[in-house]
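This report concerns only the one structure given below.
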Amino acid sequence: AALLNLTRKRGAASYAHTLQNIPETQVTTLENGLRVASEESHQPTCTVGVFIEAGSRYEDAKTNGAGFFVEHLAFKGTKKRPGSAFEKEVESLGAHLNGYTSREQTAFYIKAFSKDMPKVVELLSDIVQNCALEDSQIEKERGIILQELKEMDSNLTDVTFDYLHATAYQGTALAHTVEGTTENIKKLTRADLASYVDIHFKAPRMVLAAAGGISHRELVDAAKQHFTGASFAYKEKGSVPDLPRCRFTGSEIRARDDGLPLAHIALAVEGPGWADPDNVVLNVANAIIGRYDRTFGGGKNQSSRLAALAVEHKLCHSFEPFNTSYSDTGLFGFHFVSDPLSIDDMMFCAQGEWMRLCTSATESEVTRAKNYLRNAMVAQVDGTTRVCENIGSHLLHYGRRIPLEEWDARISAVDAKMVRDVCSKYIYDKCPAIAAVGPIEQLLDYNRIRSSMYWIRL
């Protein structure tokens, strides 16, 4: 017994020690509005990235896909380093370069040796200030992107979530896909892409983030030296368009195709934006629901009630809850993949689990869910790339890097009553958005699904 107690105490101390000993995130704002943030650690490598407040939400119907197109072209040469010279210079450092575009964020980052940090900063500044956008490269990448769009159509999970955004935010910018439409990719010109860069790649909308064996002072000095071009002369956000407003709509999209073997269903209600404290409680609620795939072990003995039901009654091949947040709104829901004849039963059980969260969530399952979230939270400090992305995203979303100790305190404050109250606020008797793809004949009428968003209680 003494040995067991010792082991438990050592584990608890290790967790607390981890939270308390994470290096402080240092943030410096340059005169042009560029935020420079870093977390220094004793590692031989570092990851440096530029995170930009730009994405498909900032595009209109005619320019949708421009940001994704620019991301493809960013590594194909700059005005200083034409053609393949840019890629060769990155490779000569033994570095790894990558980037991504989402609905509200664009990022370019490089992982390299810590001693090469000043050169990495120069390369990143060259990408965002001097992207060549050569006509020959544009035509080459146009064909590549069109091929990617065809391949994306075969990923039914991504297709389902694009449909979910399209119906939940219909008529607004959040309804756009990140990649754009085939028609737009065929029509976008160099002028369209250059205009997108000129409008959105501005210093006040950017964060230069770094993690690893680097000095914050040296990072700031490198930023002052290289992020000084004409495009960074703006000091105020007013020089670019404001964030377009998006309104959630309870509605549905059904893309029936009986030739497909499995049905993909996503159901969501409107969730809170990034900075809303309700997000922590909803993440605890999602941890209670859990996730399941037929490849998992555990069978009927899994802690997730919905997973146990899925195993016992063979309701689905997989399911996963999600809480997708944006600046001022979000999608809170679940997605499942099932056989055509199991759709109704799976939807019934999933909505029943939602109602149980609203009415009878227990302290024991809340405690389990909080431990799951803590484990996921600590995983964020694993590797310089994850830390760098965490820093950049936090500064864009919250205006500061939220320490893990603060996240832990927020998670610890959640109890069963908070879960019931917050879930009732967002789920109970709300109109959901639904997206369904595949052999979905058995998916009930929208009004029937809507009627399961509350329980008649006497």
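Computed values, structure above
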{"item": "When residues of region 374-405 are limited to those that are farther than 15 Å from SER41 by Cα and hydroxyl-bearing (Ser, Thr, Tyr), the one farthest from the chain's Cα centre (by Cα)", "result": "TYR398"}
{"item": "Residues of region 148-177 satisfying the condition of being in a loop (DSSP other than H, G, I, E, B), farther than 22 Å from GLY438 by Cβ and not small (Gly, Ala, Ser)", "result": "TYR169, THR172, HIS176"}
{"item": "Those residues of region 305-325 which are out of contact with any Lys or Arg (no Cβ under 6 Å at 6 or more places or on another chain), closer than 30 Å to HIS397 by Cβ and surrounded by fewer than 23 Cβ atoms within 10 Å (Cβ to Cβ), in sequence order", "result": "SER318, PHE322, ASN323, THR324, SER325"}
{"item": "Matching residues in region 387-421 - criterion: being touching a residue at least 24 places away in the same chain (Cβ under 8 Å), farther than 20 Å from ILE289 by Cα and hydrophobic (A, V, I, L, M, F, W, C)", "result": "VAL387, CYS388, ILE391, LEU395, LEU396, LEU404, TRP407"}
{"item": "Sole exception among (1) farther than 26 Å from ASN184 by Cα; (2) touching a residue at least 40 places away in the same chain (Cβ under 8 Å) for SER92, by number", "result": "(2)"}
{"item": "THR367 under 27 Å from the mean Cα position of the chain (by Cα), under 25 Å from TYR15 (Cα atoms) and either free of Cβ contacts under 8 Å to residues at least 60 places away in the same chain or surrounded by fewer than 21 Cβ atoms within 10 Å (Cβ to Cβ) (or both)", "result": "yes"}
{"item": "Identity of the residue in region 59-70, open to solvent by 30 Å² or more (accessible area, probe 1.4 Å) and not hydrophobic (A, V, I, L, M, F, W, C), that ends up farthest from THR182 (Cα to Cα)", "result": "ASP60"}
{"item": "LEU331 vs. criteria over 28 Å from THR249 (Cβ atoms) and either in contact with a Phe, Trp or Tyr (Cβ under 9 Å, 6 or more places away or on another chain) or open to solvent by 20 Å² or more (accessible area, probe 1.4 Å) (or both)", "result": "no"}
{"item": "Test result for PHE161, among the hydrophobic types (A, V, I, L, M, F, W, C) and modelled with pLDDT under 95", "result": "no"}
{"item": "Residues of region 409-454 classified as in contact with a helix residue (DSSP H, G or I) (Cβ under 8 Å, 6 or more places away or on another chain), under 30 Å from ARG256 (Cβ atoms) and either open to solvent by 40 Å² or more (accessible area, probe 1.4 Å) or of a type in the set (Ser, Thr, Tyr) (or both), total", "result": "8"}
{"item": "Residue ID - modelled with the highest pLDDT, chosen from residues in region 71-113 that are among the basic types (Lys, Arg) and open to solvent by less than 40 Å² (accessible area, probe 1.4 Å)", "result": "ARG103"}
{"item": "First in region 437-458 and under 30 Å from ARG420 (Cα atoms), second anywhere and in a loop (DSSP other than H, G, I, E, B) and among the charged types (D, E, K, R), Cβ under 8 Å, 6 or more apart", "result": "MET453/ASP429; MET453/LYS430; TYR454/ASP429"}
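Rundown of residues vs (1) out of contact with any strand residue (DSSP E or B) (no Cβ under 9 Å at 6 or more places or on another chain); (2) in a helix (DSSP H, G or I); (3) assigned by the TED database to the domain that holds ILE214, yes/no style:
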{"position": "VAL90", "(1), (2), (3)": "no, yes, yes"}
{"position": "ASP116", "(1), (2), (3)": "no, yes, yes"}
{"position": "ILE127", "(1), (2), (3)": "no, yes, yes"}
{"position": "LEU133", "(1), (2), (3)": "yes, no, yes"}
{"position": "ARG142", "(1), (2), (3)": "yes, yes, yes"}
{"position": "LEU146", "(1), (2), (3)": "yes, yes, yes"}
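The values are calculated or read from the model by the stated rules, or taken from the named source; none is laboratory data. What you see is a predicted model, and the numbers here were worked out from it, not measured in a lab. So basically every Cβ, Gly included, is an ideal-geometry build from the backbone, and we count neighbours across all protein chains shown. Accessible surface areas use protein heavy atoms only, side chains included; no ligands, DNA or RNA. Shrake-Rupley method; radii C 1.70, N 1.55, O 1.52, S 1.80 Å.
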